[in-house]
Every structure is written in structure tokens, then in C-alpha cells.
């Protein structure tokens, strides 16, 4: 059985706890970061916990991934999302990688704050891989050894300002506003057998009760083995880093038709993107203040359950 942990507010600080059947066992240990927890005995303490004395619903949960780590993301990594983005669903020849600012991280229960200048606010449910061991050199990972690097799994919502991301061509800027990374509410620590079931995890996202996204993680074009192998050849990974593995179809963004794209290619850039924003702004699917986003990731048999995000959308102060 997978071990589930969370971070929760205690006084002016934070504390880790093990979660079982809605009850939390506070853990004794000085782990200020996710990396410190994963490498400093936190998982063993969670597995050994017995005193489940707190009601999880009564706690203020925090992101189980702390902001000292890196957030590495995969783009258009599901065939269905490529198709709705106006890309050839069978034509992907490379793994699209980008980063988000770690200051975007927030709790899976905290509000998504919509900046006043952002009109096209979108959601993207993603399976997050939390790194548990350092990677400092190129490695050719296999399904048998990847569990030595991936410590746990988490829900991640890659919130995106499409009217910044696309007209400006800046994924980092359009996806890095504060609160644009709801994470958790839990971190599920997995062993090799549990991690091997990642393709069976079902990603499901609703907005005000309407199902927008519903797909299995196994639909990824580039899975964890291929992605971590490629990342190891590019960069160092540290315990506590987060790899967000892309989102399935169902986001608010819809690509213009091929005809409209051909016409747009003939227009000045400023005019093209002004018309794009105007057309997209007519869609009722973009997020607005007062709505609530609910996201879950679990296997259909319930054996692996990453919890339930419930994030209201508010206007930024």
C-alpha cells in the first residue's frame, strides 16, 4: 500500500504528516523542504507512523512540493492535447520541455488568483513526478530502475495565461504567475511496483461540476522513462524537484481552423494576436472569478489515489 504524506500549517511554520483514512499522524522531524524530507528519513518515519490523531479536514494543507526546487514541464505530451492545439497528433518528433517559476506553487486547496491583465485563464491537470534522488550525469533509465529516482507522485495544475503565453511566445511568463501551480493536496510515496502502474492513473478535472478533462496517463507520448533519460542529459535534478508530465485534451484553448490560421499568417503580428484574443474571449470555458476547479488523479480500482484538489478562482488583489 502506497504511503501518503502531506504538509500542513502549524503555528507560523509547517509540519509533515502521514495520512491514512482521513486521519493524520504528525511526524517528528526537522524537514524544511521536500528534498530534506525525502533524503532525511521522512519516508521511513511516515511508513512507521501509528498515532493518527488529527482530522485531515481540519488542517490547512500546504503544497507538498516546496519552492526551493525546480519545476520542469512537458508540453503537448498527450495526443488529444496536440490535436486540440492545432498540431499533427501523429507528428511529434521531440519532447517539448520548459520550466515554471517555483514561486507559482500553491496548495491544492488554495485559490488560483487571476491577474487583472489576464483574460484567457486556462487549466491543465498533470501528473507530477517528485524526484527523490540526485541525477548529475546522463543516464539511460529503464522501467526497472526509474523508481530509484522518482520518490512520489502528485497532482499538479499547470495554470496558464494563454493571452500571455501564445502572443508573446513565452511559456515561462504565461505560466509562472503566483498561484499558477496548485500542487497536492498530498504526496504519494511509491515503490517500484506502484510506480509501474502510472499508465493506469486517470486524470480528471472539473470546473463547477462540468467534466473538462478525463484521460489515462498511459496516453502520454513521452513517458517518465524517456523524459528522465532526456533530462539527465541536459541538467541536474535534485531531490524535491518536480517534473510535470503534460496534460490531456479538454483545456479551454481551442486552435483556430486551418483556414483561419492561413488568413492569420497574412496579417501583421499585432493584428493577428488581437483577433486571436478576441475570438478566444468568446469561449465560456476559460476560468473566471467565482468558479471552482476540482482535480483528481487515481487508478480506477482506487489502489493509487493522489487526492482531490479543490481550488476556487479569485481575482488577484
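Nothing in this text is a laboratory measurement; each read-out follows from the coordinates by a stated rule. As the structure is a prediction and not an experimental result, all values here were calculated from the model. When we count neighbours, we look across all protein chains shown, and the Cβ atoms used for this are built from the backbone with ideal geometry, even at glycine.
For the chain, taking Cα atoms only, what is the radius of gyration to one decimal and the Dmax to the nearest whole Å?
19.5, 67
Please report 126, 10 as a ranked list, fewest other C-beta atoms within 10 angstrom at the top and most at the bottom.
Numbers: 126 29, 10 14.
Taking fewest neighbouring Cβ atoms as first place, the list is 10, 126.
Counting alpha carbon pairs within less than 8 Å and at least 6 residues apart, what relative contact order, in whole percent, applies to the chain? Present the calculation step by step, with values, prior to reporting the outcome.
Working: 761 pairs, mean separation 78.5, N = 317.
Relative contact order comes out at 25 percent.
Using a Gaussian network model of the chain whose springs link C-alpha atoms within less than 10 Å, name the residue from 203, 59, 187 with the highest mean-square fluctuation.
59
Using Cβ counts within 10 Å as a stand-in for footprinting exposure, how do 99, 104, 73 rank, fewest first? Please report the intermediate quantities before stating the final value.
Numbers: 99 15, 104 20, 73 25.
In order of increasing Cβ crowding within 10 Å: 99, 104, 73.
Please report, for the Cα atoms of segment 79-203, the Rg to one decimal and the Dmax as a whole number; what are they, in angstrom?
In Å, with Rg to one decimal and Dmax whole: 16.3, 47.
Name the shape class, rounded, prolate or oblate, that the alpha-carbon gyration tensor gives for segment 3-62, where a ≥ b ≥ c are the square roots of its eigenvalues, rounded holds for a/c under 1.5, and otherwise prolate holds if a/b is larger than b/c and oblate otherwise.
Working: a/c = 1.95, a/b = 1.16, b/c = 1.69.
Verdict is oblate for segment 3-62.
Which order results if 53, 296, 34 are arranged by neighbouring Cβ count within 10 Å, fewest first? Kindly include the intermediate steps, with their values, before the conclusion.
Values: 53 10, 296 19, 34 30.
With the sparsest Cβ surroundings first, the list reads 53, 296, 34.
Counting only C-alpha contacts under 8 Å and six or more residues apart, can you give the relative contact order of segment 49-139 as a whole percent?
Values: 54 pairs, mean separation 28.8, N = 91.
Worked out over segment 49-139, it gives 32 percent.
How big is the antiparallel share of DSSP beta bridges in the chain, given as a percent to the nearest 5?
Details: 60 of 69 bridges.
Around 85 percent of the beta bridges assigned by DSSP in the chain are antiparallel ones.
Helix 269-280 versus the longest principal axis of the chain: what angle, 0 to 90°, nearest 10, using Cα atoms?
70 degrees
Which distance in Å, rounded to a whole number, links the C-alpha centroids of segment 201-258 and segment 1-55?
What the calculation gives is 27 Å, centre to centre.
Across all directions of projection, what mean area in square nanometres is found for the Cα convex hull of segment 185-238?
Working: hull surface 21.9 nm².
If you wrap the Cα atoms of segment 185-238 in a convex hull and average its projections, you get 5.5 nm².
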